[in-house]
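Read through the structure below, which is laid out as structure tokens, and then see the notes.
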Amino acid sequence: MGYQRGYENRIKVGMVGIGSHSYRNILPVLTYLPVELVAICDLDPALAAKTARQYGVAATYSDMDEMLNSGTIEAVLLCVSPKMHPVLAAKALASGHHVWMEKPAATSSADVQSMLDARGDRVCVVGYKKAFMPATRKAVELISLPETGKVLSILATYSMSIPIGDDAADSRWVIDGCHPLAVMLELGGAVEAVTTHRGARGGGSLILHYASGAIGNFHLAEGAPVYQPSERYVVYSENASVTIDNATTVAFQRGIPFDYETGTSFAPPGTDSGAVVWQAQNMMSTLENRGEFLQGIYGELLHFLQSIQRCTRATVGTLEQALQISRIYEAALISDGTRVQVAN
């Protein structure tokens with residue numbers, strides 16, 4: 001995926017919330033997107049003014065209602081706590097603005113549903129960045145090939161635990177568990193039930209029962225070094241497998257001609273069998289090697305903006321997907337080795 005220099009049709013946006021995440025990930029990537037940042041809103045007026053000067057933005061606000069009523073923006077970027085999303089998103093949607101929000105969409109499925117009810121014909125995208133990673137999009141393409149066959153099972157490995165009980169609004173399960181779940185939904189589709197197995201020392205396994213009949217194993221690799229490579233997804237289909245390693249490598253295993261009694265080589269002649277591998281090289285300071293592109297931040301915002309430009313519904317990072325993820329959260333919390341239906 002490439003970006004176009006000198007976009008002609010730029011979406012005028014206002015950003016709400018200028019924290020460390022905005023500075024680290026969102027503001028820098030706007031350079032490469034069909035967007036014009038025309039307003040900044042933050043509860044800290046001094047911070048909003050400082051950021052506005054830095055990025056050449058004329059208007060600052062400490063009240064989002066004033067920004068929405070200014071008539072200068074088409075869309076809102078919400079970079080605030082997920083607890084604030086339902087109220088702020090509903091206001092923005094009701095005033096006719098499109099909304100992008102950071103993950104997770106909210107801390108309960110009821111709050112996600114309230115945003116769905118308010119959406120109307122506006123575009124609304126949730127920043128489940130890993131669903132937009134180039135590696136994820138490539139894996140989705142590969143498992144969609146007719147020769148790959150039906151998906152049978154999916155394995156995801158991610159450093160995570162699922163707390164016990166329903167008081168989990170501030171836990172990593174809600175804040176970060178959406179990342180692997182978003183990928184697993186992209187790879188396997190809708191989930192109809194879950195079963196949680198917790199380890200006595202942390203971690204465990206969350207079994208996803210897909211509507212398609214496939215099975216998913218979200219291996220809760222608690223204890224794995226969070227800031228070292230430990231993230232993996234593997235899709236096993238009828239005729240092939242696809243592996244994503246740490247956002248930087250995709251391997252498509254197609255099998256090789258082999259005879260158990262006489263085979264002597266793992267690398268038979270030709271290119272019609274065996275593995276195909278795509279890997280970030282990190283040899284040059286080019287865009288495809290940068291974190292905001294590898295991790296899908298660019299992709300999620302581009303999808304949001306292009307959906308507005310094209311007057312189409314978003315298809316990834318939707319509120320419908322956010323609702324499914326929230327319902328998986330809630331079912332996983334109450335399961336303790338028992339199969340729990342995910343609400344429709």
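The values are calculated or read from the model by the stated rules, or taken from the named source; none is laboratory data. Since the structure is predicted, the reported quantities are computational estimates derived from the model, not experimental observations. Every residue, glycine among them, receives a Cβ derived from its backbone with ideal geometry; neighbour counts consider all protein chains shown. Protein only, heavy atoms only, side chains kept; ligands, DNA and RNA dropped before computing areas. Shrake-Rupley method; radii C 1.70, N 1.55, O 1.52, S 1.80 Å.
Table: residues versus (1) surrounded by 24 or more Cβ atoms within 10 Å (Cβ to Cβ); (2) out of contact with any strand residue (DSSP E or B) (no Cβ under 6 Å at 6 or more places or on another chain); (3) under 13 Å from Gly14 (Cα atoms).
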| site | (1), (2), (3) |
| --- | --- |
| Arg53 | no, yes, no |
| Ala58 | no, yes, yes |
| Ser81 | no, yes, no |
| Met84 | no, yes, no |
| Ser95 | no, yes, no |
| Arg119 | no, yes, no |
| Cys124 | yes, no, no |
| Phe132 | yes, yes, no |
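Every condition in (1) open to solvent by 60 Å² or more (accessible area, probe 1.4 Å); (2) in contact (Cβ under 8 Å) with a residue 12 or more places away in the chain; (3) under 30 Å from Val80 (Cβ atoms) holds for Ala182 except the one numbered (1).
Scanning the range 250-281 for residues that are under 30 Å from Val29 (Cβ atoms) and touching a residue at least 12 places away in the same chain (Cβ under 8 Å) yields a count of 8. Being touching a helix residue (DSSP H, G or I) at 6+ places or on another chain (Cβ under 8 Å) and surrounded by 15 or more Cβ atoms within 10 Å (Cβ to Cβ): is that true of Ala221 here? No: the conditions fail for Ala221. The residues of the range 35-51 that are part of a loop (DSSP other than H, G, I, E, B) and either in contact (Cβ under 8 Å) with a residue 40 or more places away in the chain or surrounded by fewer than 16 Cβ atoms within 10 Å (Cβ to Cβ) (or both), listed by number, are Leu43, Asp44.
Does Ile297 qualify as being closer than 27 Å to Thr249 by Cβ, in contact (Cβ under 8 Å) with a residue 40 or more places away in the chain and of a type in the set (Val, Ile, Thr)? Give the derivation first.
Details: closer than 27 Å to Thr249 by Cβ: yes; in contact (Cβ under 8 Å) with a residue 40 or more places away in the chain: yes; of a type in the set (Val, Ile, Thr): yes.
In short, yes.
Residues in the range 100-114 that are hydrophobic (A, V, I, L, M, F, W, C) and farther than 19 Å from Leu43 by Cβ: Trp100, Ala105, Ala106, Ala110, Val112. Counting only helices (runs of 4 or more DSSP H) wholly contained in the range 248-344, the ones carrying 3 or more residues that are buried (at least 21 other Cβ atoms within 10 Å of the Cβ) occupy 297-310, 319-334.
Being open to solvent by 70 Å² or more (accessible area, probe 1.4 Å), among the β-branched types (Val, Ile, Thr) and either in a strand (DSSP E or B) or in contact (Cβ under 8 Å) with a residue 60 or more places away in the chain (or both) is a condition met by at least one residue of the range 225-235.
Of all residues in the range 191-218, which are part of a loop (DSSP other than H, G, I, E, B), more than 18 Å from Ser326 (Cα to Cα), open to solvent by 60 Å² or more (accessible area, probe 1.4 Å) and at pLDDT 95 or above? Show your work before the answer.
Within the range 191-218, the first condition is being part of a loop (DSSP other than H, G, I, E, B), and the residues that meet it are 199-203, 211-214.
Right, trim to more than 18 Å from Ser326 (Cα to Cα) and you get 199-203, 212-214.
With the extra rule that they be open to solvent by 60 Å² or more (accessible area, probe 1.4 Å), the set shrinks to 200-201, 212-213.
The answer is Ser212, Gly213.
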